[in-house]
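Take a look at the structure set out below.
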Amino acid sequence: MIEWHKKGHLDFSQVKTINLDEYKGLSPYNEQGYWYFMNQNFFSGINISMKNTHVPNGAETDSEKVCSAYNAIIRELGGIDLQLLGIGHDGHIGFNEPGTVFEAETHCVNLTPPPHYRGQ
């Protein structure tokens, strides 16, 4: 998409993004977080206003507060029109691992460590 943008085929000036997830406990400037990843690998390469980019606040310790605030952002923006998703190595989608009940709104999940972290 960055290349298409550079060639003049895509304009992101009116786009508003709502990222699906973030790691709890990470600041936006932590290299392991999704805000950092998105900024380094996408937002910085296109003509999007950073005020139009939304990622859950991983640095906030109050999970209910973060989820409620993020739900309010989604409602304020009129919902989500398009989702670009990847499927993780264990079948997870947006931190919702296999067997997780998909809830209608923002929520926290405990992640299962990858096999190489469990000594397998």
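The values are calculated or read from the model by the stated rules, or taken from the named source; none is laboratory data. Since this is a predicted model, take the numbers as computed values, not measurements. FYI the Cβ positions are ideal-geometry reconstructions off the backbone, even for glycines, and counts take in every protein chain you see.
Among the residues of the range 14-44, the ones that are of a type in the set (A, V, I, L, M) and closer than 19 Å to Ser63 by Cα come to 3 in all. The set of residues in the range 67-95 that are loosely packed, with under 14 Cβ neighbours inside 10 Å and within 12 Å of the chain's Cα centre (by Cα) comprises Gln83, Leu84, Leu85, Gly86. Cβ separations smaller than 7 Å between residues 6+ apart or across chains give the following pairs from the range 37-59 residues that are more than 18 Å from Ile73 (Cα to Cα) and among the polar types (S, T, N, Q) to residues that are assigned to a helix (DSSP H, G or I) and modelled with pLDDT of 95 or more: Asn47/His5.
Taking the stated definitions as given, is Glu22 acidic (Asp, Glu) and loosely packed, with under 15 Cβ neighbours inside 10 Å? Here the answer is no, as Glu22 does not meet what is asked. Within the range 14-28, is there a residue that is of a type in the set (Ser, Thr, Tyr) and farther than 24 Å from Gly78 by Cα? Yes - at least one qualifying residue is present in the range 14-28. Can you spot a residue in the range 5-21 that is more than 25 Å from Ala69 (Cβ to Cβ), assigned to a loop (DSSP other than H, G, I, E, B) and among the charged types (D, E, K, R)? Yes - at least one qualifying residue is present in the range 5-21. Of all residues in the range 1-13, those satisfying the criterion of being within 28 Å of Ala72 (Cβ to Cβ) and not small (Gly, Ala, Ser) are Met1, Asp11, Phe12. Whether a residue is modelled with pLDDT under 95, outside any loop (DSSP other than H, G, I, E, B) and more than 14 Å from the chain's Cα centre (by Cα) was assessed, and Glu64 passes this test.
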